[in-house]
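For reference, the structure discussed in these notes is given below.
The values are calculated or read from the model by the stated rules, or taken from the named source; none is laboratory data. Everything quoted here is computed from the prediction, not taken from an experiment. Here the Cβ positions follow ideal geometry from the backbone for every residue, glycine too, while neighbour counts run over all protein chains shown.
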Amino acid sequence: MAAERRRFSIGYALAPKKQSSFIRDSLLNLASSRGVDLVKIDPTRALAEQGPFDCVLHKLYGEEWKRELEQFRRENPNAAIIDSPDAIERLHNRISMLQVVSELRTESTSETFGIPKQIVIYDKETLFDRQAWESLKFPVIAKPLVADGSAKSHKMTLVYNHDGLNKLKPPIVLQEFVNHGGVIFKVYVVGEYVRCVKRKSLPDVSEERLGVSEGVLSFSQVSNIATNEKVDDKYYKMMHLDDTEMPPQSFLADIAGGLRRALKLNLFNFDVIRDARSGNRYLIIDINYFPGYAKMPCYEAALTDFFLDVVTKREKEEVKLNNCEKDMIKIVSNSTCCSDGDEIGREEKESSR
Ligand SMILES: O=P(O)(O)O[C@@H]1[C@@H](OP(=O)(O)O)[C@H](OP(=O)(O)O)[C@H](O)[C@H](OP(=O)(O)O)[C@H]1OP(=O)(O)O
Ligand SMILES: Nc1ncnc2c1ncn2[C@@H]1O[C@H](COP(=O)(O)OP(=O)(O)O)[C@@H](O)[C@H]1O
Ligand SMILES: [Mg+2]
Ligand SMILES: [Mg+2]
């Protein structure tokens, strides 16, 4: 009779909104059919008292939660935590988030990538100090420096000219707005899996628009606006989202792998725009931890594959470690015998007889 395969338990700790969008029956059922049980973690109870879990999946913030995870890790050294809170925190600041991009190299010779020119402004005074940002050209996007998932952290302002600066509230990142044909590419990463989807973005800004007295346009999460509430219907019809060519998959996979290793993260997406001035120049403008995977086609299979990958790798490491320990015990017990001169002595005596 074939041995029954072991089931794995993945605990998830998510905010209610995230839970309802991510934990769908389709995911639970597929994962379960492949031996993976997704189990809800109650964040109001001690994590160490829940489980047992082979892996903990989480998108919760705060020092208290970090302590819970730390204690869980100490008590369950063989369980995986996806991902490390310190690695996630790097994405909570729009400067440190993109710093890593400049260290990446890709194999592509036909496409190039980088980030838009940007500066950080901590106070109103510097905001009006032209010297501080003479390297930037209008239009610019003002983004809250902190990207902690709050509604406030998604409130962006497109600034056409100096008149618009009055409305801004530092600390902010001022980033050059790059015309990109109104389409953004969202690249979802799930471990080694990489999937790009197209979404609508802000329309290009013409030179004429820069001169208008009304200096700003405020917006929030433009790529998530439902198709029936388009910002500018005529514009999007004109854009033909479907006709927009995707960036080469191998190029994106290269960047994704580089980011995954540099950031030490498994679950994230990054937003990419294609510079309208040169068709092979790509700019990374945003990186998000544990994004809305349910909007990615076939997310259930990608996530289930990933969970299995994580837990089976851990299991193999555990077996290796156990074997290693057994070998160590043998070596230690042999050497103990040697030093006593007992066992070896006996063997030598016996063989010399
Ligand atoms: O809610 P969703 O499904 O739209 O997902 C949001 C993401 O949308 P996306 O998958 O990129 O289209 C969204 O991505 P963007 O910032 O819009 O690029 C964020 O990742 C957001 O998380 P947070 O508010 O930054 O913590 C994500 O929100 P949470 O679900 O994590 O709260
Ligand atoms: N430098 C830029 N040039 C052109 N458009 C941009 C730029 N930065 C952001 N955008 C637009 O603003 C949207 C929101 O900015 P983003 O940095 O992705 O913030 P969020 O974290 O709220 O998603 C993007 O999806 C894109 O449409
Ligand atoms: Mg974004
Ligand atoms: Mg973001």
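How many residues are under 18 Å from L202 (Cα atoms) and either under 22 Å from the mean Cα position of the chain (by Cα) or aliphatic (A, V, I, L, M) (or both) if we restrict to segment 133-152?
Final tally of qualifying residues: 5.
Let's see how each residue does on (1) more than 16 Å from ligand 1 (Cβ to nearest atom); (2) over 25 Å from F290 (Cα atoms); (3) touching a strand residue (DSSP E or B) at 6+ places or on another chain (Cβ under 6 Å):
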| residue | (1), (2), (3) |
| --- | --- |
| A151 | no, no, no |
| M156 | no, no, yes |
| D163 | yes, yes, no |
| L168 | yes, yes, yes |
| V173 | no, no, yes |
| G181 | yes, yes, no |
| V194 | no, no, no |
| K198 | no, no, yes |
| L202 | no, no, no |
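Condition check: more than 12 Å from ligand 2 (Cβ to nearest atom), closer than 20 Å to M97 by Cα and among the aromatic types (F, W, Y). Does Y188 satisfy that?
Yes; evaluated as a whole, the condition is true for this residue.
If a residue has to be more than 15 Å from ligand 3 (Cβ to nearest atom) and over 18 Å from H92 (Cα atoms) to count, how many in segment 262-281 make the cut?
Result for segment 262-281: 8.
Could you grab me the full set of residues in segment 286-301 that are under 15 Å from Q19 (Cβ atoms) and either within 16 Å of ligand 2 (Cβ to nearest atom) or surrounded by fewer than 19 Cβ atoms within 10 Å (Cβ to Cβ) (or both)?
F290, P291, G292, Y293, A294
Being within 19 Å of L98 (Cβ to Cβ), more than 10 Å from ligand 2 (Cβ to nearest atom) and either out of contact with any helix residue (DSSP H, G or I) (no Cβ under 9 Å at 6 or more places or on another chain) or not in a strand (DSSP E or B) (or both) is the filter here, so list the residues in segment 133-167 that pass it.
Correct list: W133, S135, L136, K137, L145, D148.
For A302, are the conditions met, namely being away from ligand 1 (no atom under 15 Å from the Cβ) and in a helix (DSSP H, G or I)?
It is false that A302 is away from ligand 1 (no atom under 15 Å from the Cβ) and in a helix (DSSP H, G or I).
Please go through (1) at pLDDT 85 or above; (2) more than 23 Å from the chain's Cα centre (by Cα) for E214 and return the number of the only condition it doesn't satisfy.
Unmet for E214, out of (1) at pLDDT 85 or above; (2) more than 23 Å from the chain's Cα centre (by Cα): (1).
Determine whether K200 is within 30 Å of Y299 (Cα to Cα) and modelled with pLDDT of 95 or more.
no
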